[in-house]
1. Mind listing just one residue for me: the one in segment 1-44 that is touching a residue at least 12 places away in the same chain (Cβ under 8 Å), out of contact with any strand residue (DSSP E or B) (no Cβ under 9 Å at 6 or more places or on another chain) and not in a helix (DSSP H, G or I) and, of those, farthest from residue 113 (Cα to Cα)?
2. Which fully enclosed helices (runs of 4 or more DSSP H) of segment 45-108 have 2 or more residues being exposed (fewer than 12 other Cβ atoms within 10 Å of the Cβ) and out of contact with any strand residue (DSSP E or B) (no Cβ under 8 Å at 6 or more places or on another chain)?
3. Look through segment 110-149, keep the residues that are within 20 Å of residue 48 (Cβ to Cβ) and in a loop (DSSP other than H, G, I, E, B), and return whichever of them is farthest from the chain's Cα centre (by Cα).
4. I'd like the full set of residues that are surrounded by 15 or more Cβ atoms within 10 Å (Cβ to Cβ) and touching a residue at least 60 places away in the same chain (Cβ under 8 Å), limited to segment 109-120.
């Protein structure tokens, strides 16, 4: 739904304090006045914030009850352990997805559900989110990287080499061939000696 809050809205709410005013909100999120105003406009359309005019014609930003409920829901989710959906989101971040639109394009869940799960992995330091020029970039942290590797690491059992099987058979064959060679050598030597003796005897008879 177009009016359903997303992670950009939720993360922007966390940047609003009692001192926040429209005129300086952009600079507080590393963005221009125009980009900051666009984000605030989206929050107001979704009923998450409201504006009040103060002395000096500055417009204060006030989080509404709907905005506070969204923050409460996100904080409750952030207290839960990492689940399969969180791991799937981390995997998408490891594959190069860096914005809410990138991630929502491959994970088909509601904007609000995705928002609270992104809030959760950010709160637990598996990912890091930062506004820059009106765009919210999300990146994997070292902790998130290790979490992905621990899930994907295959279980490998290494078999120790033994002296049985083919190696033993080959050794046995070589040993037998050596014995056979030695026996042939002895037989040939005996035959040669017999021949020499026969020749000598023949010469003595002559």
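Bear in mind that the values in this text are calculations on the coordinates, not laboratory data. Note that the coordinates shown come from a computational prediction; the quantities given were computed from them, not determined experimentally. Here the Cβ is made from the backbone with ideal geometry for all residues, glycine too, and neighbour counts use every protein chain on show.
1. Selected residue: 32.
2. On the way: elements: 65-78, 84-94, 100-104.
Counting at least 2 such residues, we get 65-78.
3. 134
4. Filtering segment 109-120 down to residues surrounded by 15 or more Cβ atoms within 10 Å (Cβ to Cβ) leaves 111-112, 114-120.
If the condition is that a residue be surrounded by 15 or more Cβ atoms within 10 Å (Cβ to Cβ) and touching a residue at least 60 places away in the same chain (Cβ under 8 Å), then 111, 112, 114, 115, 116, 118, 119 are the ones that fit.
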